[in-house]
Amino acid sequence: MRLYFVRHGIAEDLASSDFARALTPRGKRRVKTSATVMQALGIQPQRIYSSPRLRARQTADIIAQALGMDVDLAESVNFGFDLADARRLSDDCDADAEIMFVGHNPDMSEIVSELTGVTVSMKKGGLARVDADAAEADAGELVWLIAPKVFDALAESEQTGLIPAPAQKLPDTIAGMHELIHHRWSPVGFDRERPIKRKTLLGILEAARWAASSSNLQPWRFIVARREDEVEFARLLSVLREGNIAWAQHAAVLMVACSRKFRKENVPNRHAGHDLGLAVGQMVLQALSQGIYVHQMGGFFPDKARQLYAIPDDFEPYTCIAFGYRGSELGHLADAQLGRDAAARERQPLDEMVFAGGWAQVADFLD
Ligand SMILES: Cc1cc2nc3c(=O)[nH]c(=O)nc-3n(C[C@H](O)[C@H](O)[C@H](O)COP(=O)(O)O)c2cc1C
């Protein structure tokens, strides 16, 4: 048998009773991360038994949802859970069954120690896997003891690379393109629980900084708001048009992208928009190389942005930009928005945009 023991995630200190203590937002976020990794590790228990206390139940529910299962509430997994309880709950299972128990300390640590003869101390949100013929003292082998930090690191390494686009978003193209370009698209379904780490964000901004620009003027400027800073995030969100707020509110980072319209005083820079677009293009690809998607928006109020951020007259706010990881749970989106992410992408054919010899003359190398 493969037995999984999970200690509930980080819970609030106070509630109307100990029974009602819920997971904190951080606790939920961490358990979600762990659950994603559990799914990637191929954990597939036949049963998930949970203590009825709210923090354990919520932990079990998050895991069960990620694994596509239901939770069985079991009073015996409540405080005082012991080897005899584990034996009773696993008695009628096959020898190769996988069973998960979600409960509390010290019970979880003690039962794993008893089963394996190895003294363990489980962290909140931690998981132990014990392989055993039966739930008997010293009968098991401690195969994994995973702390939440390790789950975080595993999730990070899982999701820092390019995430393949869903089939309907893949370009219908005959030409070979770099895989980053091949897989880029503009989603509305962001993971509202997953922030973008500071270092990753700096990499994205550096990618813009190192873009080419006319006379190396680097006319771009970016006003950035991270979701962690609720006040600034709400401020930037308020600049967007309603249709964009509906989904962009779930992004991890928002930006207003501006460009200086003048080379020097009274000398317009015809390339201001071009250079900003190029810098944003580099950000998009840098972000995607880290598993982060980008959705650009023309739907915002430039005058409001100008006023709110005191943008000088010689700069133009061109677009707003949303960055974030793609979410798997998108219950917060309306059907119309979900439909957008499910729709196929379309483009005009090359011969309508690539000419040779004169305007609208189709280049013969396109055939
Ligand atoms: C300058 C610019 C402005 C855009 N404005 C919006 C917008 O306000 N709202 C929106 O949902 N998408 C907006 N988009 C996203 C486009 O609709 C999207 O890029 C286009 O449909 C092609 O889809 P793809 O990016 O998935 O290939 C904008 C894109 C750009 C580059």
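Taken together, the values in this text are just the output of simple stated rules run on the coordinates, not laboratory data. If you're wondering where the values come from, they're calculated on a predicted model, not measured in any experiment.
Assorted remarks:
- Rg to Rh quotient for segment 80-224, alpha carbon positions, Kirkwood Rh: 1.21
- Per the Debye calculation on segment 160-352 with a single equal scatterer at every Cα and no solvent contribution, log₁₀ I(q)/I(0) for q = 0.18 Å⁻¹ amounts to -1.31.
- For the chain, radius of gyration divided by Kirkwood radius, i.e. Rg to Rh on alpha-carbons: 1.10
- When you work out D = kT/(6 pi eta Rh) for segment 2-157 at 4 °C and 1.567 mPa s, using the Kirkwood radius from C-alpha pairs as Rh and the Stokes-Einstein form, the result is 85 µm²/s.
- Gap separating the Cα centres of segment 262-309 and segment 83-122, nearest whole Å: 55 Å
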